[in-house]
Amino acid sequence: MSDDRHSRFPDAHSDRDRAEHVELTPQSASRAYSLAFADEEFLCREELRPVRLQLELLKAQLMLDEQGIDSTIVMFGGARIPSPANKESARTQTLADLSHFYDEARDFARMMTESSMKTGGRKNVIVTGGGPGVMEAGNRGAQDAGGKSVGLSIVLPHEQAPNGYVTPELSFNFHYFAIRKMHFLMRAAAITVFPGGFGTLDELFESLTLIQTGRMERVPFILFGRAFWEKIINWDALADAGTISEQDLELFKFVETAEEAAEIIHNWSPEPARDSLPGRER
């Protein structure tokens with residue numbers, strides 16, 4: 001962050017320090033006397049929600065800019081998918097069988113990071129939700145390649161600390177799901193989705209809807225594990241029912257390996273956002 005200031009007034013840090021060293025009196029001890037931006041209780045008031053939304057958007061935005069992150073490769077996927085070495089601890093056989101996607105996610109992130117570092121490490125930086133499972137594999141793969149990666153955590157009742165492979169200065173924590181999702185997609189050069197649960201499905205469909213409706217530019221949209229996705233989602237039934245168009249099924253591709261996904265991304269020709277919705281009457 002630059003220290004250059006173009007102001008004749010004291011900066012916020014200086015005034016906060018001065019206020020903390022004012023003589024203690026009933027007046028200076030009152031919460032009313034606290035500087036508004038240094039008063040955590042005030043910032044957490046219900047009426048300050050619009051300000052908190054702005055702060056969550058702005059903090060990550062500024063810090064990603066300062067770290068030189070121009071674009072990202074998004075990796076969504078289940079927190080419960082174990083590594084193959086730990087698949088015996090999986091709560092179901094299906095999760096154990098899905099453990100090979102941990103290695104695919106790790107390999108994919110390593111490959112993308114190696115490619116990114118050849119051009120300065122500013123583009124196609126891996127970003128995950130910062131948790132365990134597929135997310136851990138993504139951050140771990142980036143570390144394997146000697147590169148950095150982003151973790152966008154969210155405060156949950158059961159959530160642990162971010163996985164140990166997230167680059168510390170790129171490890172963010174969010175209160176608002178909506179702002180977290182914005183940061184996943186604002187810089188996205190590609191979106192990959194590995195098998196997962198409700199959270200992964202939410203991220204998949206929201207991202208896909210933005211592209212479907214033309215609210216977001218087309219980017220490579222890659223689903224790992226055709227058998228998994230076709231078992232839990234009847235894509236053709238949606239098209240047959242007319243609730244989506246046949247063209248919508250072309251917005252994403254299935255792959256099984258990291259190499260297949262990397263090839264799609266490397267050979268991608270940029271496409272603009274849709275300017276109409278196929279199959280919808282105006």
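Quick note: the coordinates plus some simple rules give every number you see, no bench work behind them. Everything numeric in this text was worked out from a predicted model, so none of it was measured. For neighbour counting, all protein chains shown are included, and Cβ atoms are generated from backbone atoms with ideal geometry for every residue, glycine included.
Peptide packing for 115-128, 33-46 was compared via the average number of neighbouring C-beta atoms within 10 Å per residue; ordered from the highest value, the list is 115-128, 33-46. Legend: ranking of residues Tyr102, Tyr176, Tyr165 from fewest to most surrounding C-beta atoms inside 10 Å; resulting order Tyr176, Tyr165, Tyr102. Of the peptides 205-215, 184-194, the order by per-residue mean of other Cβ atoms within 10 Å, starting with the highest, comes out as 184-194, 205-215.
Angle between the Cα long axis of helix 100-117 and the longest principal axis of the chain, 0 to 90 degrees, nearest 10? Roughly 60 degrees between the two axes. Cross-linked pairs Lys87/Lys181; Lys59/Lys148; Lys123/Lys231: Cα-Cα separations exceed 27 Å for Lys87/Lys181; Lys123/Lys231.
Karplus-derived 3J(HN,Hα) values for region 63-69, using 6.51 cos²θ - 1.76 cosθ + 1.60 with θ = phi - 60°, are 6, 5, 4, 5, 7, x, 8 Hz; glycine and proline are entered as x. Taking the average, over residues, of other Cβ atoms within 10 Å as the packing measure, peptides 261-271, 20-30 rank 261-271, 20-30 from highest down. When the charge dipole of region 70-266 is built from unit charges on Cβ atoms (+1 for Lys and Arg, -1 for Asp and Glu) and taken about the Cα centre, the candidate among Gly78, Gly199, Gly151 whose Cα reaches farthest toward its positive end is Gly151. Relative to the dominant Cα principal axis of the chain, helix 177-186 is inclined by about 70°.
What do you get for the angle between helix 134-144 and the principal long axis of the chain? Use alpha-carbon atoms, 0 to 90 degrees, nearest ten. Helix 134-144 sits at roughly 80 degrees to that axis.
What value does region 1-147 have for Rg/Rh, both radii from Cα atoms and Rh as Kirkwood defines it?
Values: Rg = 22.8 Å, Rh = 19.3 Å.
Rounded to two decimals, Rg over Rh is 1.18.
Taking every Cα-Cα distance in region 70-266 and sorting them into 5 Å bins from zero, the calculated P(r) comes out as 1, 8, 17, 21, 21, 16, 10, 4, 1, 0 percent.
About the centre of its Cα atoms, region 70-266 shows a dipole size close to 660 debye [charges on the beta carbon of Lys, Arg (+1) and Asp, Glu (-1) only; nearest 20 debye].
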